[in-house]
Every structure is written in C-alpha cells, then in structure tokens.
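Trainee: Take this structure, written in structure tokens, and hold onto it; I'll ask about it next.
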Amino acid sequence: ALRMPLHAQVPPGIQAELSALGRVVAARETADLYRPLFGPGRMDGVTVVKDSAYGGDSRQILDIYRPTAAVDAALPVLIFFPGGAGAKQMSGINGDVFYGNVGAWGVRNGLIVVVAQYRFGGQYPWDAGAQDVAAIVRWGKAGIAGHGGGPEGVVGMGQSNGAVQLATYLGHGSGRSEEEAGLRGAILMGGAFNLLPLRLSVPDRFTGTGGRGVPPPPMLGAPPVP
C-alpha cells in the first residue's frame, strides 16, 4: 500500500516569503527558500542511477530513484516529465530541489521514480518530446523490473511543458504503435493541450480566456493547421 499523504501544507515561514515575492515566476528565489528542507537526510535510503540513456541524442537521458534496501515485490513506477525546456535537473544554484525532491518523495512513499529528460526546441520536430515519452514508456516496460519496478504499473506525470508532451503522446499517438500498451495512468499538471486526436473547428471569436471577443489561443506545440 502507498503511504502518500492526502495533502501537504506550505510551512508558514516559507508561505510568508513566497507572499513577499508577489505574483511572479521566481524559480531561483523559490529554490533558495526550499533548499533547507532538502538536506542530506532527504536522500537517506534512496539510491539514484543518473544519466541512463534511452536514445541516441544527448538529451535522451533519465534518472532513476529507487529504494536502497531490497524490496519484496515490484513497486509501482512514476515517470516524471519536467516542464520548461525538459531538462531533468533545473539549471542554476539549488536546481536539484525541484526534481530531485520528486524522486526522493516517491521512493519514501513506495514508488520507483524516473525523472525523464526529453528533446525540446527549434532544432527538433514539434512532437519530439512526445516521441521521447513513447520511447521512455517502452524503456520502462522493458527495463524497469531491473530497478525493482513493476512494468504493468507505470504512471506518467507531466508538469507544464512536460504535461504538453505527455498529453501529445496520449492524444496523438506520437511514436506509439496501435498495438503498444501505454501507461496505466497519467497526471497532467499545468499544461496547455488538447487531448483530442482530431482538430475541432472553432468560431473565429469565442467567449473564453480574456473575455468575449478574444480570438482562441493557438494549441501549444502543435503543427500549423493547413
């Protein structure tokens, strides 16, 4: 059984500091605030296998977080797809606070965690990230048992841009064959996506984000409509 708490509260001191920052995106400042909570003891009992390759591109690597002690049965697997440029560790000082904490949290709650890096940017095809999701899922099903995970209990979790790539994999089948058994479940956090495999026609003007009369926003990460 998983030992996950139902919810977690921001410590009052950190809450006050976050409020003082205001309504801004301040990744480095936020990392500075949380860094004291992610001390050496956070990794006790956690083994990390870094930079495992799942493809030929230098960006196609991932980290595996697993219990240091032997387990009696295969554990559920969480594959985490980061946001931003898709790097498995955020750049800059204290970048390990963001995604390393996901791995440590998962292991402490009975999971094997894979923090996956994927291709993203102008030098790659528009759905390269989604193709990498498919490759990582195949990698997990073939090899996660060697790290103590159960290949039939794999769940994907994408945050921001990672949610976009995961949703594209789910909805458009990028890099996935019709016969391929996909994920057991998926968690999409804060992404902009359309899970429908076909485009729906929309009026030129609609009532939505921004108010009446605002043109519909473009679908993030999708090819232009012909």
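Quick note: the coordinates plus some simple rules give every number you see, no bench work behind them. Just so it is clear, the structure is predicted and the values come from calculations on it, not from any experiment. Cβ sites come from the backbone with ideal geometry, for glycine too, and all protein chains shown count toward neighbours.
Trainee: What are the ³J(HN,Hα) values, in whole Hz, obtained from phi via the Karplus relation 6.51 cos²θ - 1.76 cosθ + 1.60 with θ = phi - 60°, for each residue of segment 134-141 in sequence order, with x given for Gly and Pro?
Mentor: Running phi through 6.51 cos²θ - 1.76 cosθ + 1.60 with θ = phi - 60° gives 4, 5, 5, 4, 4, 4, x, 5 Hz.
Trainee: Given points 7 Å out from each Cα along the Cα-Cβ axis, report the Ala69 to Leu37 separation in nanometres with one decimal.
Mentor: That separation, rounded to one decimal, is 2.5 nm.
Trainee: Continuing with the same structure: State the three equivalent ellipsoid semi-axes of segment 34-129, derived from the C-alpha gyration tensor as the square roots of 5 times its eigenvalues, in descending order and whole Å. All intermediate terms of the calculation are to be shown ahead of the outcome.
Mentor: Numbers: eigenvalues 124, 58, 20 Å².
Result for segment 34-129: semi-axes of 25, 17, 10 Å.
Trainee: Here's a follow-up. Just for segment 1-159, what percent of DSSP beta bridges are antiparallel, to the closest 5? Numbers along the way, then the final one.
Mentor: Numbers: 10 of 20 bridges.
So the antiparallel bridges amount to about 50 percent of the total.
Trainee: Turning to a different aspect of this structure: Please give the peptides 33-45, 121-133 ranked by average Cβ packing (other Cβ atoms within 10 Å per residue), highest first, as a rough proxy for protection.
Mentor: Numbers: 33-45: 12.9, 121-133: 18.5.
Put in order of decreasing packing, that is 121-133, 33-45.
Trainee: Kindly write out, for segment 26-43 in residue order, the coupling ³J(HN,Hα) from the Karplus curve 6.51 cos²θ - 1.76 cosθ + 1.60 (θ = phi - 60°), rounded to whole Hz, with x marking Gly and Pro.
Mentor: Per residue, the Karplus-derived 3J(HN,Hα) values read 9, 4, 5, 5, 5, 4, 4, 5, 8, 4, x, 7, 10, x, x, x, 5, 9 Hz.
Trainee: Still on this model: Hey, can you grab everything whose amide H is under 5 Å from the amide H of Gly191? Only 5+ residues off in sequence or another chain; H modelled, so Pro and N-termini drop out.
Mentor: Under 5 Å from the amide H of Gly191: Ser160.
Trainee: Which three semi-axes in whole Å describe the equivalent ellipsoid of segment 120-164, each the square root of 5 times a Cα gyration tensor eigenvalue, listed largest first?
Mentor: On the way: eigenvalues 117, 28, 10 Å².
Each semi-axis is the square root of five times an eigenvalue, giving 24, 12, 7 Å.
Trainee: Around Val46, which amide H atoms from residues at least 5 apart in sequence, or from another chain, sit under 5 Å from its own amide H, with H modelled in the peptide plane?
Mentor: Those lying under 5 Å, H to H, from Val46 are Thr68.
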